[in-house]
Amino acid sequence: MINSAPDSSSVWYSIGQHYLNHQMWAEAFTLYDRMLRQFPSDQMVHFNIGRTAALSGQQLDRGEAELKAWMAATPKDVAHTTLAGAHHRLGMLYETQQRKELARTHYITVLHIEPSSENDKKRTAARKTKTHRQRRPLHT
């Protein structure tokens, strides 16, 4: 598919989504690395690297750096849901790293951006309880 439309980032993103849907993490990271070279000004590549790190639990430091870079250069017309998604994924990364207060901060930020985010309401409430048990991050 890429060979038939090498200049169409939407084709690349479709393949990336396929990799994520099938938990093909290494392939997704490889694809996004190629996209960084092919589409150097496309900021969404950074977002997707961070998203892949959050979903996979791999390359967490890189995912954190990529999401922060994306947030620092967020286009003014970015959808609120995309901005909320970046904070949600950063929260997931921090949760996986056992950095619970940072995770909670980003989940609360999601609720400020998207008050109807049920997953973040649940995560924030769980962090407030004193009897919160250790568990793996919820992946959405």
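The values are calculated or read from the model by the stated rules, or taken from the named source; none is laboratory data. All figures in this text were calculated on a predicted structure; none of them were measured in a lab. As a convention, Cβ positions derive from the backbone with ideal geometry for all residues, glycine included, and neighbour counts pool all protein chains shown. Calculation scope for accessible area: heavy atoms of the full protein, side chains included, ligands and nucleic acids excluded. Shrake-Rupley method; radii C 1.70, N 1.55, O 1.52, S 1.80 Å.
Per-residue answers, yes or no, for (1) open to solvent by 30 Å² or more (accessible area, probe 1.4 Å); (2) under 13 Å from HIS46 (Cα atoms):
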position	(1), (2)
ALA65	yes, yes
ALA69	yes, yes
ALA73	yes, yes
LYS76	yes, no
THR82	yes, yes
LEU93	no, no
ARG99	yes, no
LEU102	yes, no
TYR107	no, no
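Against the criterion of being free of Cβ contacts under 8 Å to residues at least 60 places away in the same chain, surrounded by 13 or more Cβ atoms within 10 Å (Cβ to Cβ) and more than 16 Å from the chain's Cα centre (by Cα), VAL45 does not qualify. Within this structure, GLU95 passes the test of being closer than 20 Å to ASN48 by Cβ, touching a residue at least 40 places away in the same chain (Cβ under 8 Å) and out of contact with any Gly (no Cβ under 7 Å at 6 or more places or on another chain).
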